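Notes to accompany the following structure.
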Amino acid sequence: MIAFIYDKTFEGLLTAVFDAYVRKSFPDVLLAEGEPLPLFCEETVTIYSDKKKADRVWKGLEKKVSKLSLSGLTVSWLSELPEVDMLLFRYIRKALDYSKSIELNFGDPDVLQISKVWKKVSNERLRIMQFLRFQKALDGTYFSAVEPIYNVLPLVLPYLNDRFGDQKWLIYDMRREYGYYYDLKETIEVRFEQKEEHLLSGFLNESLMDKDEKLFQQMWKEYFKTIAIKERINPKLHRQHMPARFWKYMTEKQ
Amino acid sequence: MNETVLEKLKILAESAKYDVSCASSGTSRSGKKGMVGSAAGWGICHSFAEDGRCISLLKIMLTNYCMYDCAYCINRRSNDLPRATLSVTELVDLTIEFYRRNYIEGLFLSSGVVRSPDYTMERLVRVVKDLRLIHRFNGYIHMKSIPGASQELVNEAGLYADRLSVNIEIPNEKSLQTLAPEKDFKSVFAPMRYIQQGVLQSAEERKRFRHAPRFAPAGQSTQMIIGATADTDKDILRLSSALYQRPTMKRVYYSGFIPVNDYDNRLPALKQPPLVRENRLYQADWLLRFYEFKVDEIVNDAYPELDLEVDPKLSWALRNPHVFPVDINKADYELLLRIPGIGVKSAKMIVVSRRYSRLGSEQLKKIGVVMKKAQYFITCHELAMRTVNELTPENVRRILTQKKGRKLDDRQLTIQFQDVL
């Protein structure tokens with residue numbers, strides 16, 4: 001068994017592909033620094049991320065698969081699933097080795113699996129776009145806390161920038177402890193050393209709220225309650241469309 | 001903004017909720033500088049109500065006062081219920097503030113008819129006009145066109161709204177006359193025609209002038225109430241199919257009748273809204289729009305009602321066993337779509353994947369084909385044992401409709417716990 005040790009970045013993964021082709025030996029497992037080695041390990045190779053090598057692999061891929069599928073690879077990477085790096089590695093290798101494009105061969109388990117992971121992450125992105133709720137703060141900034149299972153915040157940004165371009169907003173990933181802030185000019189990634197209360201709870205303290213915020217929250221809650229037709233109540237369908245894990249930060253579910 | 005608006009919101013949302021349509025699809029518009037919002041072409045549901053229905057738009061009435069007395073409607077004038085009217089500013093504020101908090105995709109505006117159709121329509125148009133021109137709202141707007149409104153007002157509405165709709169409500173003119181004596185088909189179909197004319201005309205103009213205004217870019221939709229009259233599924237689906245032939249009709253909604261006015265003896269007494277029938281109608285509607293079915297294949301004089309036990313596609317397949325089994329690796333796309341258990345996505349995936357290698361049942365399962373149903377209707381290179389022809393359609397139906405009880409394994413001992421007091 002051959003293990004490659006890399007830094008768990010996408011660039012590192014592409015470098016690993018490059019080095020594997022140079023060495024003409026391919027890994028059975030990809031590990032991070034410090035992860036325990038598998039029981040029977042003949043050889044370990046340490047990969048040093050190299051932008052030039054990564055770019056060359058990416059350029060090679062661009063010749064083999066469409067732009068759409070390439071974005072599928074980066075989106076799948078954001079799933080942060082434990083097995084996704086090896087899956088991507090196999091996919092990239094197949095894409096490079098075959099003369100025809102493999103991207104539509106859903107009979108191949110890796111191609112199908114990538115398309116599934118891709119779909120899962122895209123769904124999570126959509127869910128965040130659907131269910132994120134802004135609270136307006138005193139200074140006019142709209143604050144939203146989310147807890148996506150995949151790291152989809154970067155994928156949600158185009159939507160937020162397009163739609164809420166004339167208001168300041170902060171979207172914060174509670175699980176990964178980072179967020180994005182838009183100040184009417186540009187969107188920047190933010191991390192906080194010292195966390196204020198709303199970064200821990202996900203909700204603005206009443207003293208920090210805009211004066212009408214409470215009323216609008218109340219109105220939305222009332223509206224949400226009223227709009228359901230009693231004769232048709234269907235909790236199963238309700239949960240299916242709006243999984244309970246999102247309720248935590250949704251205004252109407254408080 | 002104050003507490004009185006909260007009360008009004010409650011009353012008017014209560015009155016608007018029986019309108020099913022809440023789609024925000026059909027228009028793609030990116031954000032613009034100096035304007036609020038954007039529109040996503042596929043529509044986004046921002047929440048789901050306890051009944052499982054999508055909340056995409058702020059669905060609300062401008063007023064729930066109404067001069068009509070339609071038997072099926074909660075807002076009929078003879079009903080004693082709290083009435084309210086929102087002012088233009090209140091409505092605009094609500095929409096924009098909700099929108100900025102990502103609660104909604106836009107506004108769904110409807111109204112009871114006060115004074116005259118034109119008077120009401122004019123007020124609705126004023127709201128959407130204000131919203132667009134003064135408050136620079138760039139999100140989605142769905143507006144009801146009032147039956148009987150004049151062409152000029154419909155034309156003006158189309159400039160500001162993304163989608164316009166007129167509800168047919170009752171699929172048959174005679175029944176409509178009994179339940180809503182003040183309405184007739186003419187008053188419903190005339191605005192529909194105006195909308196269609198407006199859309200086509202604007203499309204034509206935009207070919208010549210790039211900046212010609214768009215007219216209701218998301219087209220129109222309509223709604224029919226199911227189960228309030230004796231009309232069969234055949235009548236309903238034939239009407240839908242005819243409507244879909246028209247160039248601008250995007251969706252027909254079906255709304256299972258909820259007896260809101262149970263004192264009215266022109267209406268049937270139902271314990272439960274006909275939810276299964278409604279679901280089957282939607283499935284049939286999908287077959288019309290995405291599966292290239294003709295309406296007479298789904299319902300006809302021999303089968304005027306949809307089968308409540310199995311879905312319309314399976315029902316069609318069981319009536320036409322001679323078409324099957326279909327060879328997954330050879331059949332063309334249209335035929336693949338006809339196989340129960342294969343949807344649009346699976347059919348497309350099959351078509352592209354089989355270029356690389358022949359597909360087997362294991363791969364089909366992974367692609368997302370519902371093999372439980374599909375196995376009786378297909379052959380692939382390893383699977384050709386028990387198709388619908390060998391088993392007979394009756395048996396396939398029996399197998400597929402069997403209720404799954406919880407299986408008890410009789411080898412398993414059960415331990416009797418004694419209650420400890």
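Bear in mind that the values in this text are calculations on the coordinates, not laboratory data. A quick note: this is a predicted structure, and the numbers were derived from the prediction, not measured. Neighbour counts run over all protein chains shown; Cβ positions are idealised from the backbone, glycine included.
Using only Cα positions of the protein assembly as shown, each an equal point scatterer, no hydration layer, compute I(q)/I(0) via Debye at q = 0.06, 0.07, 0.09 Å⁻¹ and quote the log10 values to two decimals.
These q points yield log10 I(q)/I(0) values of -0.43, -0.59, -0.96.
Neighbouring Cβ atoms within 10 Å as the yardstick, rank B:ILE146, B:ILE236, B:ILE399 fewest first.
Starting with the residue having the fewest Cβ neighbours, the order is B:ILE399, B:ILE236, B:ILE146.
Using R₀ = 35 Å, calculate the FRET efficiency as 1/(1 + (r/R₀)^6) where r is the Cβ-Cβ separation of A:SER99 and B:VAL370; round to 0.05.
0.50
Between B:SER116 and B:PHE185, how many nm apart are label points set 7 Å from Cα along the C-beta direction?
Here the modelled spin labels are 2.7 nm apart.
From zero outward in steps of 10 Å, how is the percent of C-alpha pairs of the range A:208-254 spread across the bins?
That works out to 23, 47, 25, 6, in percent per bin.
Roughly how many Å is it from the Cα centre of the range B:271-289 to that of the range A:97-176, as a whole number?
When both Cα centres are located, 33 Å separates them.
Calculate the mean, over all residues of peptide B:51-58, of how many other protein chain Cβ atoms lie within 10 angstrom of the residue's Cβ.
6
Just B:MET143, B:MET121, B:MET371 to compare: in a GNM of chain B, with alpha carbon springs under 10 Å, which one fluctuates most?
For chain B, modelled as a Gaussian network with Cα springs under 10 Å, the answer is B:MET371.
What list of ³J(HN,Hα) values in whole Hz, one per residue of the range A:169-175 in order, does the Karplus curve 6.51 cos²θ - 1.76 cosθ + 1.60 (θ = phi - 60°) give from phi, with Gly and Pro shown as x?
Each residue's phi maps through the Karplus curve to give 9, 9, 10, 10, 8, 5, 6 Hz.
List the GluC sites (Glu not before Pro) in the range B:299-384 that DSSP assigns to loop (not H, G, I, E or B) and whose Cβ has at most 13 other Cβ atoms within 10 Å. Which are they?
B:GLU305, B:GLU309, B:GLU382
Can you report the principal axis dimensions of chain A using only the alpha carbons, biggest first, rounded to whole angstrom?
Result for chain A: principal-axis Cα extents of 65, 46, 38 Å.
Using Cα springs under 10 Å in a Gaussian network model of chain B, which residue among B:PHE209, B:PHE185, B:PHE293 shows the largest mean-square fluctuation?
Maximum fluctuation in the GNM of chain B, among the listed residues, is at B:PHE209.
Residue by residue through A:163-174, how many Cβ atoms from other chains fall within 10 Å of the Cβ on average?
Mean partner shielding for this stretch: 4.
How large is the helix-only mean residue ellipticity at 222 nm for chain B, computed as the sum of -39500 (n - 2.57) over DSSP H runs with n ≥ 4, divided by its residue count, in deg cm²/dmol to the nearest 500?
Result for chain B, helices only: -11000 deg cm²/dmol.
Between A:LEU68 and A:PHE26, what FRET efficiency follows from the Cβ-Cβ distance if R0 is 22 Å, with the result rounded to 0.05? It would help to have the intermediate numbers written out before the result.
Working: r = 26 Å, r/R0 = 1.20.
Once the sixth-power term is evaluated, E becomes 0.25.
How big is Rg to Rh over the range A:2-123, alpha-carbon atoms, Rh as the Kirkwood inverse-mean-distance radius? List each step's numbers first, then the result.
Values: Rg = 13.9 Å, Rh = 14.7 Å.
That ratio equals 0.95.
Take the Cα pairs of the range A:151-217, get the Kirkwood Rh, then feed it into Stokes-Einstein at 37 °C and 0.692 mPa s and tell me D in µm²/s.
Numbers: Rh = 13.2 Å.
The estimated diffusion coefficient comes to 248 µm²/s.
For the range B:312-401, compute the orientation-averaged projected area of the C-alpha convex hull (one quarter of its surface), in nm². Don't skip to the answer; put the middle values down first.
On the way: hull surface 20.9 nm².
Convex hull of Cα atoms, orientation-averaged projection: 5.2 nm².
As a check on your grasp of the helix formula, calculate [θ] at 222 nm for chain A: sum -39500 (n - 2.57) over DSSP H runs of n ≥ 4, divide by the residue count, round to the nearest 500.
Value at 222 nm, helices only, nearest 500: -14000 deg cm²/dmol.
Farthest toward the dipole's positive end in the protein assembly as shown, which of B:ASN172, B:VAL295, A:PHE26, given Cβ charges of +1 (Lys, Arg) and -1 (Asp, Glu) about the Cα centre?
B:VAL295
Going through the range A:148-254, which GluC sites (Glu not before Pro) have at most 15 other Cβ atoms within 10 Å and a DSSP loop state? If you can, show how the numbers build up before the last one.
Values: sites: A:GLU177, A:GLU186, A:GLU189, A:GLU193, A:GLU196, A:GLU197, A:GLU206, A:GLU213, A:GLU222, A:GLU231, A:GLU252; in loops: A:GLU177, A:GLU186, A:GLU193, A:GLU196.
Sparse-neighbourhood loop GluC sites (Glu not before Pro): A:GLU177, A:GLU186, A:GLU193, A:GLU196.
Arrange B:MET35, B:MET349 by Cβ neighbour counts within 10 Å, fewest through most, would you?
B:MET35, B:MET349
Using the beta-carbon distance between A:LEU157 and A:CYS41 and R0 = 35 Å, what value does 1/(1 + (r/R0)^6) give for FRET efficiency, to the nearest 0.05?
The value I calculate is 0.30.
Roughly how large, in nm² to one decimal, is the mean projection of the convex hull of the alpha-carbon atoms in the range B:30-104?
The Cα convex hull of the range B:30-104, projected and averaged over all directions, gives 7.3 nm².
Cα atoms only, chain B: Rg and Dmax in Å?
According to the Cα coordinates of chain B, Rg and Dmax are 25.1, 87 Å.
Taking every residue in A:102-114, how many Cβ atoms of other protein chains lie within 10 Å of its Cβ, on average?
Mean partner-chain Cβ count within 10 Å for A:102-114: 5.
At a threshold of 8 angstrom on Cα-Cα distance, excluding pairs fewer than six apart, so keeping six or more, what relative contact order does chain B reach in percent?
Over chain B, the number comes to 11 percent.
Considering the dipole of chain B built from charges on the beta carbon (Lys and Arg +1, Asp and Glu -1) around the Cα centre, which of B:ASN329, B:LEU318, B:ALA269 is farthest to its positive end?
Comparing the listed Cα positions along the dipole, B:ASN329 ranks first.
Can you list, by residue number, the Cys in chain B that have no neighbouring cysteine C-beta under 4.7 Å?
Within chain B, the cysteines lacking a partner Cβ under 4.7 Å are B:CYS22, B:CYS66, B:CYS380.
Using only Cα atoms, find the angle between the long axis of helix A:84-97 and the longest principal axis of chain A, and express it within 0 to 90 degrees, rounded to the nearest 10.
It is inclined by approximately 50 degrees.
When the dipole is taken about the Cα centre of the range A:132-179, and only Lys, Arg (+1) and Asp, Glu (-1) are charged at their Cβ, what size is it in debye, to the nearest 20?
80 debye
Between A:LYS119 and A:ARG175, what is the spin-label point distance in nm, taking each point 7 Å from the Cα along the Cα→C-beta axis?
2.0 nm
What nm value, rounded to one decimal, do you get for the distance between B:GLU390 and B:GLN197 when each label is placed 7 Å out toward the C-beta?
My value for the distance between the label points is 6.2 nm.
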